[in-house]
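Working notes, structure below.
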Amino acid sequence: MATLRFDGQAVTTQDGETVLEALLRQDLAVPHGCRSGVCQSCLMRAREGVIPATAQAGLKPALAEQDYLLACRCVPEADMVLELPAAGSLRTPATISAIEPLGGDVIRLRLTPDTPLDYRPGQYVTLWRDAQLGRSYSLASLPGEGQSLEFHIRVIADGQFSGWLAGEARPGDRLDVQEAAGSCYYTPALREANLLLVATGTGLAPLWGIVREALRQGHQGEIRVMHGAVGCEGLYLHQALAELAEAHDNLHYHASVLRPKGCTAVDTRPLAELVVETIGDFSGWHSYLCGAPELVNQLRRRIFLAGARMDAICADVFLPTAPAKT
Ligand SMILES: Cc1cc2nc3c(=O)[nH]c(=O)nc-3n(C[C@H](O)[C@H](O)[C@H](O)COP(=O)(O)OP(=O)(O)OC[C@H]3O[C@@H](n4cnc5c(N)ncnc54)[C@H](O)[C@@H]3O)c2cc1C
Ligand code: FES
């Protein structure tokens, strides 16, 4: 048990309880999302107390050095004094510049931040509608490509963020953008490697950034982009990827749909089968897997068993916001 001091209140933790669980149990307002250490929506700062190492896993060194921690991963070992990040310290205000249909239920959001965002293609940010309501989205844009940031967002009709964006938000509306996070991105050290980029649905967003960054940096190895969707309308960058592959000898694009009515040049094998049967031996391949948790977790295991090194598999799981515990 430990005593947490936060927002003028003292809360005693129960056995094995995280900081987030303890504070929410007392109805204290703490922004959060996945509750799994992925989205970084629950960042807090320890003003006093020892921070367990697990509470800083995946944080940028600069944040860890300033005693930031993930409340959903922090099971305190002793008393702590905690605070939320100071207003404006980790979030940049931004203006919506465009919201456009991309295909099926996917929209493209363009945002122009007030100050340029420091990020690498393939990373993600949390977008905040207000102080409490944030959702993580992967960056599909390239730094230096223009001033705006690009996101591909699947619209869930009753979704608090995506539903609002598709139904109510307008160009000119303001949002906050949290610092970029995530370790799935292209580095020049991979220039000679074979790259496998696999996505379901809007998992394609980070890969659209990564593949264009690799080509921009003159990637020498083979690149295979594999995108899976239920129906043809879900292949929302089909034409653009086919044209990119046409223009680059080392780039190959594969599409897989379960219901192929209305599209050409697609495979009907389930995406995981298409990947495993196309590559065969994964030694020497560097893989990026993005999108639905079931597919990403299944493929990570299969690719590893088929010869890939674990440190050559980069995975971004699009975890939904965890429901509140009752
Ligand atoms: C690291 C990371 C990166 C992400 N990148 C993207 C991205 O680039 N593009 C993108 O579209 N999404 C992405 N997501 C998912 C995104 O953060 C939101 O979870 C999603 O947009 C739903 O938010 P919402 O507020 O619209 O819906 P909510 O209000 O959170 O949920 C509304 C309802 O829909 C259900 N629901 C939520 N997600 C799903 C789902 N995937 N399948 C079925 N039901 C669901 C909820 O359980 C709830 O009942 C990412 C998530 C993470 C963690
Ligand atoms: S990282 Fe803590 S809620 Fe997502």
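Expressed as a rounded percentage, what relative contact order does the stretch 44-146 have, with Cα pairs under 8 Å and six or more residues apart? Over the stretch 44-146, the number comes to 19 percent.
Percent of accessible area on the chain owned by carbon and sulfur, 1.4 Å probe? Whole-percent figure for carbon plus sulfur exposure: 49. Here the 3J(HN,Hα) profile of the stretch 74-81, calculated from phi with Karplus coefficients 6.51, -1.76 and 1.60 at θ = phi - 60°, is 9, 9, x, 9, 8, 4, 9, 10 Hz, Gly and Pro shown as x. For the stretch 236-326, applying the loop criterion from DSSP together with a ceiling of 10 other beta carbons within 10 Å to the trypsin sites (Lys or Arg not before Pro) yields Lys261, Lys325. Dividing the mean sequence gap of close Cα pairs (under 8 Å, 6+ apart) by how many residues the chain holds gives a relative contact order of 14 percent. Mean sequence separation of contacting Cα pairs (under 8 Å, at least six apart), scaled by the length of the stretch 104-150, corresponds to a relative contact order of 42 percent.
Using Cβ point charges alone (K and R +1, D and E -1), the dipole size of the chain about the Cα centre works out to roughly 300 debye. Can you list the GluC sites (Glu not before Pro) in the stretch 187-233 that are in a DSSP coil and have 10 or fewer other beta carbons within 10 angstrom? Those that pass, being in a loop and sparsely packed, are Glu192.
Sorted largest first, the spans of the alpha carbon positions of the stretch 142-242 along the three principal axes are 45, 33, 22 Å. Among the trypsin sites (Lys or Arg not before Pro) found in the stretch 132-205, those both in a DSSP coil and sparsely packed, with 14 or fewer other Cβ atoms within 10 Å of their Cβ, are Arg191.
Gyration tensor over the Cα atoms of the stretch 205-285: the corresponding equivalent ellipsoid has semi-axes (square roots of 5 times the eigenvalues, largest first) of 22, 16, 10 Å. When all alpha carbon pairs of the chain are counted in 20 Å bins from zero, the resulting P(r) reads 30, 55, 14, 0 %. Heavy-atom accessible surface of the stretch 34-122, averaged per residue, reaches 47 Å², computed with a 1.4 Å probe.
The values are calculated or read from the model by the stated rules, or taken from the named source; none is laboratory data. Note that the structure is a prediction, hence the values are computed from the model and not measured. For neighbour counting, all protein chains shown are included, and Cβ atoms are generated from backbone atoms with ideal geometry for every residue, glycine included. Areas reflect the complete protein model, heavy atoms only, side chains present, ligands, DNA and RNA absent. Shrake-Rupley method; radii C 1.70, N 1.55, O 1.52, S 1.80 Å.
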